[in-house]
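The values are calculated or read from the model by the stated rules, or taken from the named source; none is laboratory data. Every value quoted in this text rests on a predicted model; they were computed, and no experiment measured them. Note that we place each Cβ from the backbone using ideal geometry, even for glycine, and neighbour counts take in every protein chain shown. Keep in mind that these areas ignore ligands, DNA and RNA; they rest on the heavy atoms of the full protein, side chains included. Shrake-Rupley method; radii C 1.70, N 1.55, O 1.52, S 1.80 Å.
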Protein chains: 2
Amino acid sequence: MSGRVTVVGLGPGDPSLLTESARRALDGATDLIGYFPYVARVPEREGLVRHASDNRVEVDRARHALSLAAQGRSVAVVSGGDPGVFAMAAAVFEAVEQGEPGWRDLAITVEPGITAMLAAAARLGAPLGGDFCAMSLSDNLKPWEVVTARLEAVLRADFVIALYNPISSARPWQLGAALDLAAGIRPAETPVMFARAISRPDEAIRVATLSEADSAMADMATVVILGATTTRLIPREGKPPFVYTLRSVKGVA
Amino acid sequence: MSGRVTVVGLGPGDPSLLTESARRALDGATDLIGYFPYVARVPEREGLVRHASDNRVEVDRARHALSLAAQGRSVAVVSGGDPGVFAMAAAVFEAVEQGEPGWRDLAITVEPGITAMLAAAARLGAPLGGDFCAMSLSDNLKPWEVVTARLEAVLRADFVIALYNPISSARPWQLGAALDLAAGIRPAETPVMFARAISRPDEAIRVATLSEADSAMADMATVVILGATTTRLIPREGKPPFVYTLRSVKGVA
């Protein structure tokens, strides 16, 4: 079989944050598969077939990509950010494991991208400067008790925590519960960063203290970063503060 | 002051994994500052002054960059991977906070890059497909008890764990101790991935089980990824297996 699937990370949004390797993978594709706003980011060109779909069908989309590749097509599955971080790559490999045996012989590659927390951190300063975690706050794919057990573990161990999928119309209360849990463990003045649509025209950043932080500061396009006890603000005249996390830790966590 | 500091992520090594935005930042610099192998990755050009230095002087290097910018220079501080992940960005902001008040008014920006764990994950499949942590195993900047307390917390909470700075000649035993700690908590067959110098000519990848994993499989250029209980291998005929982590979690962690 000469078909291929490349799972491509489009980065946070601005085309200048794409890698050259990802761009080449898009240029070489015959078919594009992905959630429609990501497919829409790729410029039209002759011979490129677009298969845009809704957000809630990751494994179906992955199977579609693999079956097109099995027919000899060169398929780019597009994800925002990095495809390996709460995005399409895991769904593609899940479909490979559960699907046709021949799919294992396809050329399947992943092109990494700038994931939301890295783009957000770069805009803010260096809030991920120490040990950190990335968690999805969605309880669509794991029980809420798992989310809270994990969150409590990393709050107590003083990791910086990037929360992906913090809120949606179907999951309106989970972020508030997570912030309440954090407020019971970390100091009230801990910086909490809400980074929305970084590098896109509707980019918005807000830095609050944990006691001010409110789930209304986030939406589906936001990554929320909870600072550690070593996360600091550098105030500036007439500009937003820099936020960074110390590289050093003095005592026991 | 018209000077500027841009902290630039060079990605894992291959120039095609640089973002266009990072490349532009390098093109616009008058001065390059960084650990010498990173400075060496940037092509020579007329008018570009190179200040390469050793690895153990991050804050001195940051102060140097800021003082050059205060003189009106356009300084690019270069890091491998992403500058905000165990790299130069936090050192730059630490130097800003502790340094001349005027440094806070400089234009200081960060250009994100593909950090080692994302490059490694992309080569392997999707091992970061669930919740994950990034930890530095170095005890140069934090007590070893903090490292082990954090590691134990995330092992018990079933995060995938990317270990940066796993081993060096000055820190020969820490990775072995970390693997022993993991072996006491996670099943013997858990996949452990050793990803070395991804995208560079000396790239090497090894996937072992936790019971086979040995600190001799890593060196300074390696990122080690400890799988979660939901990390799976997909065997392939005559090729290395794909590794991915399930997006779903069934029970309580």
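Counting other C-beta atoms within 10 Å, and keeping those with at most 14, which DSSP coil chymotrypsin sites (Phe, Trp or Tyr not before Pro) do you find in the stretch A:69-145? Provide the component values of the computation, followed by the final result.
Details: sites: A:86, A:93, A:103, A:132, A:144; in loops: A:86.
Here no chymotrypsin sites (Phe, Trp or Tyr not before Pro) fit, given the DSSP loop and packing criteria.
Semi-axis lengths, largest first, of the ellipsoid equivalent to the protein assembly as shown are 32, 26, 24 Å, with √(5λ) applied to each eigenvalue of the Cα gyration tensor. In nanometers and ordered shortest first, the copy-to-copy spacing of the residue A:173 label point, defined 7 Å from Cα toward Cβ, is 5.1.
Please state the equivalent ellipsoid semi-axes for the stretch B:140-200: what are the square roots of 5 times the Cα gyration tensor eigenvalues, largest first, in whole Å? Don't jump to the answer; show the numbers that get you there.
Working: eigenvalues 71, 58, 24 Å².
Equivalent-ellipsoid dimensions as semi-axes: 19, 17, 11 Å.
Per-residue Karplus couplings for the stretch A:3-14, computed as 6.51 cos²θ - 1.76 cosθ + 1.60 with θ equal to phi - 60°, are listed in order as x, 8, 10, 10, 9, 10, x, 8, x, x, x, 5 Hz, Gly and Pro entered as x.
Sort B:142, B:250, A:239 from largest to smallest accessible area, using a 1.4 Å probe on the heavy atoms of the protein chains. Mind showing how you got there, number by number?
Working: B:142 15, B:250 180, A:239 90 Å².
Ranking B:142, B:250, A:239 by accessible area, largest first, yields B:250, A:239, B:142.
Per residue, the Cα convex hull of the stretch A:107-253 amounts to 146 Å³.
Counting only DSSP beta bridges with both residues in the stretch B:117-245, tell me the antiparallel percent, nearest 5.
Working: 20 of 27 bridges.
Antiparallel bridges make up about 75 percent of those DSSP assigns within the stretch B:117-245.
Counting pairs of Cα atoms in the stretch A:201-253, how many percent are more than 15 Å apart?
Everything past 15 Å amounts to 59 percent.
Pick out which of B:37, B:143, B:240 has the largest mean-square fluctuation in a Gaussian network model of chain B, springs linking Cα atoms closer than 10 Å. Of the options given, B:143 has the highest mean-square fluctuation.
Think of a 1.4 Å ball rolled over the protein heavy atoms: the stretch B:1-81 then has 44 Å² of accessible area per residue.
Inter-copy label distances at residue A:200, using a point 7 Å along Cα-to-Cβ, come to 3.6 nm with the shortest given first. Global dimensions of the stretch B:23-93 from alpha-carbon coordinates: Rg and Dmax equal 11.1, 31 Å. Counting only DSSP beta bridges whose two residues both lie in chain A, roughly 45 percent are antiparallel. Per-residue SASA remark: residue A:192, around 0 Å² accessible (1.4 Å probe; ligands, DNA and RNA not included). From a point 7 Å beyond the Cα of residue A:205 in the direction of its Cβ, which residues of the stretch B:109-131 have a backbone N at a distance under 18 Å? B:109-114, by backbone N distance to the label point.
Rounded to a whole number of µm²/s, how large is the Stokes-Einstein D of chain B at 10 °C and 1.306 mPa s, given Rh as the Kirkwood radius over C-alpha pairs?
Details: Rh = 19.3 Å.
For the chosen part, D equals 82 µm²/s.
How well do other chains shield peptide A:150-157, expressed as the mean number of their Cβ atoms within 10 Å of each residue Cβ? Show your work: numbers first, answer last.
Numbers: counts 11, 2, 2, 11, 7, 1, 3, 10.
Going residue by residue through A:150-157 and averaging, the value is 6.
A point 7 Å from Cα along Cα→Cβ stands in for residue A:211, and the other copies hold the same point at 5.3 nm, listed in rising order. So if I take the centroid of the Cα atoms in the stretch B:41-98 and the same for the stretch A:80-97, what is the distance between those two points in Å? Measuring centre to centre over Cα atoms gives 35 Å. Choose one answer from B:188, B:218, B:25: the residue with the largest mean-square fluctuation in a GNM of chain B with alpha-carbon springs under 10 Å. Comparing B:188, B:218, B:25 in a Gaussian network model of chain B, the most mobile one is B:188.
Only beta bridges with both residues in the protein assembly as shown are counted; by DSSP, about 45 percent of them are antiparallel. From helices alone, chain A scores -8000 deg cm²/dmol at 222 nm; the rule is -39500 (n - 2.57) for each run of n ≥ 4 DSSP H residues, then divide by the residue total. Here the stretch A:4-114 exposes an accessible surface that is 48 percent carbon and sulfur, computed with a 1.4 Å probe and the other protein chains kept in place.
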